[in-house]
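Working notes, beginning with the structure itself.
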Amino acid sequence: MKIREVSITPVAFADPPLLNVMGVHEPWALRSVLRLTTEDGIVGLGESYGDAAFLEMAGRVAPRIVGHDVFDLPGLRALVAAAVSGSVFTDQHGLTGAFSGDKTLATVCAFFEVAALDAQGRALGRPVVDLLGGAARERVDFSAYLFYKYGEHRNGRGDDWGDVRTPESVVDEARQMIDQYGFRSIKLKGGVLPPDQEIAAMRALAQAFPGYPLRVDPNGAWQVDTSIRVAKELDGVLEYLEDPTPGIEGMAAVAEQASMPLATNMCVVRFADLPPAIARKSVGIVLSDHHYWGGLRQTQALSVLCETFGIGLSMHSNSHLGISLAAMVHVAAATPHLTYACDTHWPWKTEDVIVPGVLEFVDGAVAVPTTPGLGVELDPDALARGHENFLRSGQTARDDATYMRHYEPNFTPNIARW
Ligand code: GKR
Ligand code: MG
């Protein structure tokens with residue numbers, strides 16, 4: 001089933017001023033939407049980053065895969081490798097670890113692999129989860145992903161969440177999100193306020209939501225000693241502690257002293273990171289992300305390795321739209337070892353490019369779509385609106401630090417600050 005046409009549309013959607021170790025989210029989150037049309041008129045969808053550097057690389061691949069069979073994934077990978085060989089895609093926020101040639105190849109491959117699998121599923125009349133081995137679960141759990149945030153953007157655009165920078169407002173944010181989506185576990189994005197304030201927020205959450213698994217992720221804002229102190233203070237409170245400190249060595253030093261497992265989407269971000277992390281016992285849980293681990297099948301390969309070495313598997317998220325959520329749900333459902341509730345930025349957006357109704361959160365979980373392919377359809381008007389937003393956003397790469405300097409002129413990222 002040969003590819004006749006490849007189209008990549010950059011889109012932007014409104015994003016609130018969410019705070020993290022690197023600064024604050026800009027007014028628009030950027031994504032790209034891929035449509036692979038086959039000779040028989042089947043369209044496979046993909047979604048990934050919308051930064052100019054990513055679009056340039058994906059654009060190089062597009063003409064080379066015309067005429068390629070969507071069922072030939074090794075051949076697709078070889079075509080992507082030839083197109084991006086020698087290039088390294090880097091983002092400017094660094095929250096998903098270092099970039100390298102192999103991670104770049106994995107990132108670009110993933111974009112095309114998901115669309116090819118969607119087309120395969122549509123052609124066969126089977127959901128993507130079936131192409132991945134079948135559903136180990138019918139619903140995929142997600143956690144409430146809380147952020148500290150400003151009340152409004154520099155352009156005055158506010159949102160329904162308000163200013164969140166105290167333990168009380170973090171609890172209010174959690175309540176608002178849980179009331180709406182039913183999440184049964186909670187993650188707080190940390191690395192924003194001094195550690196004692198973030199400890200206080202976690203304790204307030206534990207008190208307000210007894211029995212809920214809790215996580216905090218400061219994205220490497222803490223030094224080793226601070227991380228060990230926080231781990232001790234939050235003993236019995238956290239399900240896992242995510243990326244307290246940078247690097248495999250630093251994480252190993254913290255892991256030795258922490259009672260809870262350490263999780264990462266920063267120090268283990270490609271297969272080559274696994275041997276040293278396993279040898280040093282740096283991490284207890286890897287947060288997978290098909291967007292940069294090479295796609296849905298490579299995520300399952302990661303799962304097998306994690307299971308072999310006694311490492312748990314959870315799922316990382318960046319700001320994303322419905323095509324990505326559908327892909328996340330299919331792969332999580334087909335991966336038995338992925339037992340933790342996954343991350344998602346879903347509650348933070350107010351618009352999408354897909355026809356609504358398929359991906360609904362009930363009790364914090366999304367039912368795996370049962371219709372062919374990913375099970376989601378593009379809304380052409382919404383896609384056009386997203387593209388117009390992209391054009392007028394003036395943004396070409398995510399840059400939380402520069403935007404933060406509009407709020408705090410002397411800001412430097414908080415990596416290993418405390
Ligand atoms: O959206 O600000 C954010 C997050 O901090 C994101 O960029 C991270 O990559 O969610 C991510 C994480 O778990 O580290
Ligand atoms: Mg993280």
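The values are calculated or read from the model by the stated rules, or taken from the named source; none is laboratory data. Keep in mind the model is a prediction, meaning the values are calculated, not measured. Glycine gets a Cβ as well: all are built from the backbone with ideal geometry, and neighbour counts include every protein chain shown. Only protein heavy atoms, including side chains, enter the accessible area calculation; ligands, DNA and RNA are left aside. Shrake-Rupley method; radii C 1.70, N 1.55, O 1.52, S 1.80 Å.
One table, with the values for the structure above:
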| read-out | value |
| --- | --- |
| Residues of the chain: accessible area per residue with a 1.4 Å probe, Å² | 36 Å² |
| Accessible-area composition of the chain, carbon plus sulfur, in percent [1.4 Å probe] | 51 percent |
| The chain: angle of helix 101-124 to the longest principal axis, Cα-based, in degrees nearest 10 | 60 degrees |
| Sites matching chymotrypsin sites (Phe, Trp or Tyr not before Pro) across segment 53-135 that sit in DSSP coil, with at most 16 neighbouring C-beta atoms within 10 Å | F71 |
| Nearest 10 degrees, 0 to 90: helix 380-393 Cα axis against the chain principal axis | 60 degrees |
| Point-to-point label distance, T371-S259, nm (Cα→Cβ direction, 7 Å offset) | 4.9 nm |
| 0 to 90° range, to nearest 10: angle between helix 224-233 axis and the chain longest Cα axis | 70 degrees |
| R4/V355 FRET efficiency (R0 22 Å; Cβ-Cβ; nearest 0.05) | 0.40 |
| Contact order normalised by residue count of the chain, Cα under 8 Å, 6+ apart, percent | 24 percent |
| Prolate/oblate/rounded label for segment 131-367 (Cα gyration tensor, a/c 1.5) | oblate |
